[in-house]
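For reference, the structure is listed below as structure tokens.
The values are calculated or read from the model by the stated rules, or taken from the named source; none is laboratory data. No experiment lies behind these values; they were computed from the predicted model shown. Positions of Cβ are backbone-derived with ideal geometry, glycine not excepted, and every protein chain shown enters the neighbour counts.
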Amino acid sequence: MAQQTSFPRQDIQVLLLEGISPRAVEAFRSAGYTRIEEHAKALPQDELKRRIAEAHIVGLRSRTQLTADVLAEARKLLAVGAFCIGTNQIDLSAAKALGVPVFNAPYSNTRSVAELVLAEIIMLLRGIPARNMQCHRHGWSKSAGGSHEARGKTLGIIGYGHIGTQLGLLAESLGMQVLFHDIETKLALGNARPAADLDDLLQRADVVSLHVPETPATKLMFGSVQLQRMKPGAHVVNASRGTVVDIDALAAALHSGHVGGAAVDVFPVEPESNTDRFESPLCGIDNVLLTPHIGGSTLEAQDNIGLEVAAKLLRYSDNGSTLSAVNFPEVSLPEHAGSHRLLHIHRNVPGVLSAINDIFGRRGINIDGQYLRTDPQLGYVVIDVAVDSLQSNELRNELAAIPGTLRTRVLF
Ligand SMILES: NC(=O)C1=CN([C@@H]2O[C@H](COP(=O)(O)OP(=O)(O)OC[C@H]3O[C@@H](n4cnc5c(N)ncnc54)[C@H](O)[C@@H]3O)[C@@H](O)[C@H]2O)C=CC1
Ligand SMILES: O=C(O)CCC(=O)C(=O)O
């Protein structure tokens with residue numbers, strides 16, 4: 001049976017996990033949403049299943065694993081907000097098959113990551129991680145050995161998207177030469193140049209920085225073969241995803257001295273909470289800067305993300321708009337003052353649209369506005385009609401009975 005979910009805002013349960021910015025909470029409250037449950041960290045999977053069963057809107061960051069298994073429990077779920085850039089922690093296809101759009105913040109922490117990486121590049125080129133450790137151990141090694149200016153060095157960026165391009169511009173302002181490699185053809189900003197291929201980049205870069213998403217193609221894309229192709233003594237930065245780099249191979253290349261240093265923010269296995277122990281083969285290697293997945297963790301970025309993703313969730317919940325959803329046909333909708341708005345999400349099979357229109361035709365109801373977007377799997381139809389609440393509920397019941405329907409909703 002298709003899900004039917006239409007109710008007042010104060011009945012909508014919002015579940016916010018992983019310490020999402022108070023700006024998001026304020027946004028929900030000022031829009032009239034009062035049932036907001038906040039958690040400072042990710043929930044264990046069993047607890048998550050119990051909590052998500054009650055939730056209409058879920059907000060998470062990178063730790064919560066929204067698997068198909070968990071989503072199967074989410075019977076009331078309307079939408080998911082990833083309060084970050086990456087959405088690899090969410091089974092997007094499973095969410096889509098349930099008729100649940102997922103929204104994220106594709107730019108709000110871009111600058112924070114780029115700034116951190118830029119700082120790390122300077123630190124690595126100066127050999128600061130090891131010198132810092134020596135001083136902590138009461139050592140003193142005042143020497144220029146292995147210490148270099150960033151000016152004139154070559155930065156190789158793998159994944160020239162939002163973060164990669166920002167980083168490239170910042171690095172150029174230091175006088176670095178920027179080379180990049182991407183699977184897509186990208187407009188080179190500033191004086192950046194595309195490398196002939198990944199090997200070409202690896203052979204020429206003094207620092208290699210990874211900025212690709214986690215996909216099947218990027219999993220372990222950076223292993224012993226790629227590390228060996230790097231210039232001896234060159235540095236590696238990974239602030240993308242922990243699965244992209246073979247961390248054991250990186251540890252071996254650091255121990256052998258072939259890689260000069262590394263800065264790593266993301267790990268194949270990350271602690272679930274700040275009280276859990278962090279383990280990595282990179283622990284204890286002096287010339288490695290380790291950070292606890294905080295590339296995007298600045299107050300500025302978190303506030304911006306809180307506002308951006310909350311606004312997208314509210315717009316979908318109040319207005320039906322799916323603009324910038326990452327797994328859903330995108331519909332940008334006007335306001336619907338004076339009419340009831342019926343939302344119909346269905347599997348994209350033949351006959352659904354004519355079945356929808358038949359319902360209104362049979363009842364002699366004039367449609368004020370109709371919006372339709374489909375992709376190969378899913379159809380999303382929005383219908384504005386000037387009817388009363390009784391009629392809109394009857395219409396919704398009829399719409400929900402159409403074969404292939406996933407979810408229906410009425411917005412008043
Ligand atoms: N450490 C942290 O706290 C943060 C980490 N991230 C990670 O950084 C990643 C990149 O973020 P954005 O730049 O905003 O993403 P983006 O989507 O703008 O850029 C990614 C680029 O990688 C390219 N790409 C994809 N597969 C590739 C491959 N196999 N080889 C070469 N290039 C490939 C894409 O074509 C695209 O240009 C995110 O997906 C996320 O996983 C993002 C924000 C914060
Ligand atoms: O801040 C977070 O929890 C995750 C940041 C991140 O990795 C992302 O935005 O993709």
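Only residues that are charged (D, E, K, R) and out of contact with any His (no Cβ under 8 Å at 6 or more places or on another chain): list them for the stretch 369-387, please.
Once the filter is applied, which keeps residues that are charged (D, E, K, R) and out of contact with any His (no Cβ under 8 Å at 6 or more places or on another chain), the stretch 369-387 yields Arg373, Asp375.
Here are some residues: Ala72, Ala53, Ala24, Ala79. Which one is of a type outside the set (Lys, Arg) and in contact with a Pro (Cβ under 6 Å, 6 or more places away or on another chain)?
Exactly one residue qualifies, and that residue is Ala79.
Answer yes or no: is there a residue in the stretch 290-306 that is among the hydroxyl-bearing types (Ser, Thr, Tyr) and away from ligand 1 (no atom under 16 Å from the Cβ).
No, that holds for no residue.
Which members of the stretch 332-380 meet the condition of being within 20 Å of Leu98 (Cβ to Cβ), surrounded by fewer than 17 Cβ atoms within 10 Å (Cβ to Cβ) and among the β-branched types (Val, Ile, Thr)?
Selection gives Val349, Thr374.
Is at least one residue of the stretch 316-324 in contact with a helix residue (DSSP H, G or I) (Cβ under 8 Å, 6 or more places away or on another chain), farther than 30 Å from Asp206 by Cα and free of Cβ contacts under 8 Å to residues at least 12 places away in the same chain?
Yes: the stretch 316-324 contains one or more residues that are in contact with a helix residue (DSSP H, G or I) (Cβ under 8 Å, 6 or more places away or on another chain), farther than 30 Å from Asp206 by Cα and free of Cβ contacts under 8 Å to residues at least 12 places away in the same chain.
Looking at the structure I just gave you, is Thr218 surrounded by 20 or more Cβ atoms within 10 Å (Cβ to Cβ), in a loop (DSSP other than H, G, I, E, B) and polar (S, T, N, Q)?
Spelling it out, Thr218 is indeed surrounded by 20 or more Cβ atoms within 10 Å (Cβ to Cβ), in a loop (DSSP other than H, G, I, E, B) and polar (S, T, N, Q).
Just one of (1) in a loop (DSSP other than H, G, I, E, B); (2) within 16 Å of ligand 2 (Cβ to nearest atom) trips up Gly99, so point out which.
Result: Gly99 fails condition (2) only.
Being near ligand 1 (Cβ under 9 Å from one of its atoms) and modelled with pLDDT under 95 narrows it down to one residue among Tyr107, Tyr160; which is it?
Tyr107
Select, from Ile247, Ile285, Ile305, the only residue that is at pLDDT 95 or above, among the β-branched types (Val, Ile, Thr) and outside the structural domain of Val212 (by the TED database).
Ile305
Looking at the stretch 268-287 only, could you name the residues that are within 26 Å of the chain's Cα centre (by Cα), closer than 22 Å to Ala119 by Cβ and in contact (Cβ under 8 Å) with a residue 60 or more places away in the chain?
Residue satisfying the conditions is Glu270 alone.
From the set of residues in the stretch 195-244 that are in contact with an Asp or Glu (Cβ under 6 Å, 6 or more places away or on another chain) and away from ligand 2 (no atom under 16 Å from the Cβ), which is nearest to Asn88 (Cα to Cα)?
Once the filter is applied, the top-ranked residue is Leu220.
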